[in-house]
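First comes the structure, then the notes that go with it.
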Amino acid sequence: MKVTRLISACDVKDCPTIYATDRGTFLVQGETPNDHGLKIPAHETLVEIPVELIKKAVADGLI
């Protein structure tokens with residue numbers, strides 16, 4: 001899989017980030033919440049990212 005960094009909440013590697021893949025999908029880096037109360041299948045996960053990151057990506061025409 002080829003991964004391209006689209007946008008990040010900061011300039012270091014440990015921040016919420018959105019990546020595009022050559023599969024036509026997105027990868028999202030963010031915090032893993034534990035207090036959501038949802039039943040998530042073992043092969044899936046949730047990540048939490050700031051709304052501002054999505055707004056920035058849309059404003060920049062990345063998604």
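The values are calculated or read from the model by the stated rules, or taken from the named source; none is laboratory data. The structure displayed is predicted, hence computed values, not measured ones. Here the Cβ positions follow ideal geometry from the backbone for every residue, glycine too, while neighbour counts run over all protein chains shown. Calculation scope for accessible area: heavy atoms of the full protein, side chains included, ligands and nucleic acids excluded. Shrake-Rupley method; radii C 1.70, N 1.55, O 1.52, S 1.80 Å.
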Given a 10 angstrom Cα cut-off, can you work out which residue in Asp14, Asp35, Asp22 is the most mobile in a GNM of the chain?
Asp35
If I compute solvent accessible area with a 1.4 Å probe over the protein chains, what percent of it on the chain is carbon and sulfur?
53
Pick out, from Ile7, Thr45, Thr25, the residue whose Cα sits farthest towards the positive end of the charge dipole of the chain, with +1 on the Cβ of Lys and Arg and -1 on the Cβ of Asp and Glu.
Thr25
Under 8 Å for C-alpha pairs, at least 6 residues apart: give me the relative contact order for segment 16-63, rounded to a whole percent.
32
Please find, in a Gaussian network model of the chain (springs between Cα atoms separated by less than 10 Å), the residue of Val47, Val28, Val12 whose mean-square fluctuation is greatest.
Val12
Could you work out Rg/(2.2 N^0.38 Å) for the chain, with Rg from alpha carbons only?
1.20
In straight Cα distance, which aspartates and glutamates are under 17 Å from Lys13, not counting same-chain residues fewer than 8 positions off?
Glu31, Glu48
Note to self, the chain gives a 222 nm [θ] from helices alone (DSSP H runs n ≥ 4, -39500 (n - 2.57) apiece, / all residues, nearest 500) of -4000 deg cm²/dmol
